[in-house]
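A quick write-up on the structure given underneath.
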Amino acid sequence: MGDADAIAKTLKAEWEARARSENREFYVASHPGWNTAEGRAHQARSDATNFLVHLDPEVLRTSDLLEVGCGSGRRVPYIAPRVQSYTGIDISRTMVEVARRDCHEIANARFFEASGTELPEGARDRRYDIALSVAVFIHNPKHVCDSLARSAMAQLRVGGEFRVQLRADAADPEGITPGSDTATIERAQAVERTATPDQKDLILGTNYYGHPFGYHEAKTWLESLGDAQVYRMDPLFIYGFVKRRA
Ligand SMILES: C[S@@+](CC[C@H](N)C(=O)[O-])C[C@H]1O[C@@H](n2cnc3c(N)ncnc32)[C@H](O)[C@@H]1O
């Protein structure tokens, strides 16, 4: 068993425990308002719009979309109606079961449990035009990120795009867009004020496994996966948009 497989077993057990806890939705997305249905819906709708930015709605309509680390499926009602098919995979069986239960009326959505290091068999029956992974790689060691990203890239159509959020090394000033706003940091601070001590374990910056990428490290790695655009709007995160090469 390789290193990535060994840590993936630990990650699976820990995410499963979070998925079964009463604070599941906090662990899925720790934003102000996480503990009300309205707050969650508002955030999920706006996240879905943000992550699909600059994609032509007409092109999206015929696109097959993959979400790596879909959690409880909070964004599915706002993504699935805009695409041809939605496939969500997650390391936690309970997350997958909750997503299936809550999205059972969404006919073009399906969900699969994953090992943590690669796409599960069920999700490998088709090629995808777009893959998303948000708030997932930030909780994973680098060798798990690499394994998962290569598996997702391999399942894309040529020209298909993988959009991924990475945890940035906050001490590295490289790549931060001049004049970027501070909304992400303010949001993290607002969550810190409203969370209980046990919930704080998963708050940004108190992350046990997430690999903090330096900007150049992230750029080099993402460019090894495909044709990459790398964005850093604030010190906390790096976003990679990586297109599969021919
Ligand atoms: C913070 S939640 C975010 C969920 C979802 N992306 C969202 O924004 O609503 C992280 C999710 O990723 C899943 N996850 C973490 N590491 C994973 C891995 N290596 N492979 C697949 N899923 C993973 C967890 O089980 C959890 O559901």
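Read-outs: derived from the displayed coordinates by stated rules, not from any lab. All values derive from a computational prediction rather than experimental measurement. Methodologically, a virtual Cβ is constructed for each residue, glycine included, from the backbone with ideal geometry; neighbour enumeration extends over all protein chains shown.
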Practice prompt. Could I have the simple spin-label model distance between Arg93 and Ala190, label points 7 Å from Cα toward Cβ, reported in nm to one decimal?
Written response: 3.7 nm
Worksheet item: Using a simple spin-label model with points 7 Å from Cα along the Cα→Cβ vector, what separation in nm is obtained for Arg45 and Asn23?
Response: 2.8 nm
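Once you have a ≥ b ≥ c as the square roots of the Cα gyration tensor eigenvalues for the range 1-99, tell me rounded if a/c is under 1.5, and otherwise prolate or oblate according to whether a/b is larger than b/c.
Details: a/c = 2.45, a/b = 1.34, b/c = 1.83.
Taking the square roots of the gyration eigenvalues as a ≥ b ≥ c, the range 1-99 is oblate.
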Worksheet item: For the chain, treating each Cα as an identical point scatterer without solvent, what Debye log10 I(q)/I(0) comes out at q = 0.08, 0.13, 0.14, 0.17 1/Å?
Response: -0.27, -0.78, -0.93, -1.48
Discussion item. Can you find, among Gly39, Ser72, Ile7, the residue sitting farthest towards the positive end of the charge dipole of the chain, where Lys and Arg contribute +1 and Asp and Glu -1 at Cβ?
Written reply: Ser72
Worksheet item: Measuring from label point to label point, each 7 Å out along Cα→Cβ, what is the Glu38 to Thr182 span in nm?
Response: 2.9 nm
Worksheet entry | lysines with Cα under 19 Å of Lys9, excluding same-chain neighbours fewer than 8 positions away | Lys142
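What dipole magnitude, in Debye to the nearest 20, does the chain give about its Cα centre under +1 on Lys/Arg Cβ and -1 on Asp/Glu Cβ?
Numbers: 31 positive and 35 negative charges, 99 e Å.
In total the dipole reaches around 480 debye.
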Worksheet item: For His104 and Lys9, what is the calculated FRET efficiency with R₀ set at 25 Å and r taken between the beta-carbons, to the nearest 0.05?
Response: 0.25
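Quick one: of the DSSP bridges fully inside the chain, what percent are antiparallel, nearest 5? Show your work: numbers first, answer last.
Values: 12 of 31 bridges.
Counting DSSP beta bridges with both partners in the chain, the antiparallel share is about 40 percent.
First measure r as the distance between the Cβ atoms of Tyr209 and Thr62, then evaluate 1/(1 + (r/R0)^6) with R0 = 35 Å and state the FRET efficiency to the nearest 0.05.
On the way: r = 37 Å, r/R0 = 1.05.
Result of the calculation: an efficiency of 0.40.
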Worksheet item: Sorted by mean Cβ packing within 10 Å, highest first, what order do the peptides 90-99, 212-221, 233-242, 57-66 take?
Response: 90-99, 233-242, 212-221, 57-66
Worksheet item: Out of Phe26, Phe111, Phe51, any idea which swings most in a Gaussian network model of the chain, alpha carbons joined below 10 Å?
Response: Phe51
Worksheet item: Residues with beta-carbon under 15 Å from that of Leu55, excluding Leu55: net charge, scoring Lys, Arg +1 and Asp, Glu -1?
Response: -1
